[in-house]
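Computed from the coordinates by the stated procedures, all read-outs in this text should not be read as laboratory data. The shown structure was predicted, so the numbers you read here are calculated from the model rather than taken from an experiment. Cβ sites come from the backbone with ideal geometry, for glycine too, and all protein chains shown count toward neighbours.
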Amino acid sequence: MNTNDDIELKLKQEADEANIGRAEFITRVSLSIAAISAAVMAVPVVAALVAPLLERNRTFWRTVGHIDDFPVGTTRLVNFDNADAEQYAGMLTRSAAWLRHNEDQTFTAFAVNCTHLGCPVRWEEKAQLFMCPCHGGVYYKDGTVAAGPPPKRLPEYKVRINNQEIQLETAPLPITNI
Ligand code: FES
């Protein structure tokens, strides 16, 4: 092999090595971009999956009125912001409860939904009963079942008084603290 052939061969080898190095560099950059893109796209998906689990244990105190708005012996409907409106409650931005000012000066807040199939119960002042319009469920003023198909008493919210304001502890998922 003459000198020219040697030089040509050497140049060809250098060109091949340069091509391999460039291809490897492009491959690594492409893989890095793909990995970063996948990580960025995974963040909202993981957040959406994990958020409800984290929300499950969170509670929110909602003010429903001043203590003077509820005379002793009355049961009144109160409204408050739904605890899970931000994440997945859609248009259900407001919720409600029946708030009773008991004769012993304490307050009790009942869920509005019947424990049978969830219909909203109404308060009958004269009868001092909660009535469910769907299947005839009836509850006493303390939330215990009086008649009909409800399997258990009306669930209750925890109540506290903060600076003369009545507050209910609400949770994103259906309350169970009965
Ligand atoms: S939903 Fe209330 S009695 Fe059936």
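Overview of values
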read-out: Evaluation of residue 159 against (1) β-branched (Val, Ile, Thr); (2) within 9 Å of the ligand (Cβ to nearest atom); (3) within 24 Å of residue 61 (Cβ to Cβ) (one fails), failing number; value: (2)
read-out: Filtered residues of segment 97-123 (kept if in contact with an Asp or Glu (Cβ under 9 Å, 6 or more places away or on another chain) and on the phi > 0 side of the Ramachandran plot); value: none
read-out: Answer residue from segment 104-144, given it is surrounded by 13 or more Cβ atoms within 10 Å (Cβ to Cβ) and among the aliphatic types (A, V, I, L, M) and is farthest from the ligand (Cβ to nearest atom) among those; value: 109
